[in-house]
Amino acid sequence: MNKIVPQNSFKIIARALSVHYGEKQALHQVDLDIRAGEVTALIGPSGCGKSTFLRCINRMNDLVDGARVSGSLTLDGQDIYDPAVDVVQLRARVGMVFQKPNPFPKSIYDNVAYGPRIHGMARDQAELDAIVNGSLEKAGLWAEVKDRLADSGTSLSGGQQQRLCIARAIAVEPELILMDEPCSALDPIATAKVEELIDELRENYTIVMVTHSMQQAARVSQRTAFFHMGKLIEVGDTEQVFTNPREPLTQGYITGRFG
Ligand SMILES: Nc1ncnc2c1ncn2[C@@H]1O[C@H](COP(=O)(O)OP(=O)(O)OP(=O)(O)O)[C@@H](O)[C@H]1O
Ligand SMILES: [Mg+2]
């Protein structure tokens, strides 16, 4: 389960990626490369298209009536929008963690076992136990829940629930994890734990994370992409984007002059 991702290869390549919701264009001709084994932060004012970009990667926009995606988007060189792509398989390769922790109304154990069961990843109970325990361990939750695996996932605190959702996402061994403001419902202590976890996970996974917190982007990401009104304005190493942005729009946003 501990695959080390090769650094500096591109996991995701977007070229001229546009998204329309009905008449409204939410993303304009975005060219963006996501490197393997790194955390890429997507930042920008509300409504600029961050979640829309994220949802293209696991084809969640397929579920939105009137949404149209054009341009090209590849995962390891394979076209994500090729009609031959099995969306269930794609979503197993591309996990997602949402803003609001959303554990299933099931036990802690079953939350994590859900995906591995569906994908037939365990041959017997012992293997399933190993996957569940290992995922909880990696999500930094094992010590807190090992004596209460049969309790409902919803009985956990918000921060624990979010780590449970991360455990659920990694249980199916995705290659890429999308996180849409994963800490926005958490207090600072829970946020710090999740940030630490994201930093650890990047050794084995590629992570794309939307955040409204510039501090968070600076703390956990290696690359930062700044969006504004559906356009990708600037992407670069996080340190460069925050200390020496090339674009005035980026400068304005990170210094809090607008957004
Ligand atoms: N399901 C939808 N139907 C119609 N328009 C949508 C839909 N989802 C998003 N949009 C529009 O697309 C644009 C981009 O939205 P998106 O959710 O990607 O922004 P965001 O950058 O994630 O914003 P926030 O920071 O507030 O989450 C916005 O103008 C939004 O109103
Ligand atoms: Mg959003």
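Here, each number is a calculation from the coordinates, and none is a lab measurement. The model shown is predicted, which means the values in this text are computed figures rather than measured ones. When we count neighbours, we look across all protein chains shown, and the Cβ atoms used for this are built from the backbone with ideal geometry, even at glycine.
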Subtracting the Cα-Cα distance of Asp31 and Ser184 from 0.36 nm times their residue separation yields 52.4 nm
Hey, got a sec? Which chymotrypsin sites (Phe, Trp or Tyr not before Pro) in the stretch 162-259 land in a DSSP loop and have at most 11 other Cβ atoms within 10 Å?
-> Phe258
When we measure straight from the Cα of Lys24, which lysines land under 16 angstrom away, once same-chain ones fewer than 8 places off are left out?
-> Lys50, Lys231
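Quick check on the chain: helices-only [θ] at 222 nm, where DSSP H runs of length 4 and up contribute -39,500 (n - 2.57) each and the sum goes over total residues. Nearest 500, please. Write down the numbers at each step before the final one.
On the way: 10 runs with 92 residues, N = 259.
Roughly -10000 deg cm²/dmol at 222 nm, from the helical runs in the chain.
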Nearest 10, in degrees from 0 to 90: the angle of helix 125-138 to the longest Cα principal axis of the chain is 50
For the stretch 10-254, what is the relative contact order in percent, using Cα pairs closer than 8 Å and at least 6 residues apart in sequence?
-> 28
Pairwise centroid distance, computed over Cα atoms, of the stretch 208-256 with the stretch 133-199, Å = 26
Pairing the Cα long axis of helix 108-118 with the longest principal axis of the chain, what angle in degrees results, from 0 to 90 and rounded to the nearest 10?
-> 80
Given a Förster distance of 45 Å, the FRET efficiency implied by the Cβ-Cβ spacing of Phe104 and Gln240, rounded to the nearest 0.05, works out to 0.65
Label-point separation (nm) for Ala130 and Val88, each offset 7 Å from Cα along Cα-to-Cβ?
-> 2.5
Return the lysines within reach of Lys146: Cα separation strictly under 19 angstrom, same-chain partners fewer than 8 residues apart disregarded; answer none if there are no such residues.
-> Lys106, Lys138, Lys193
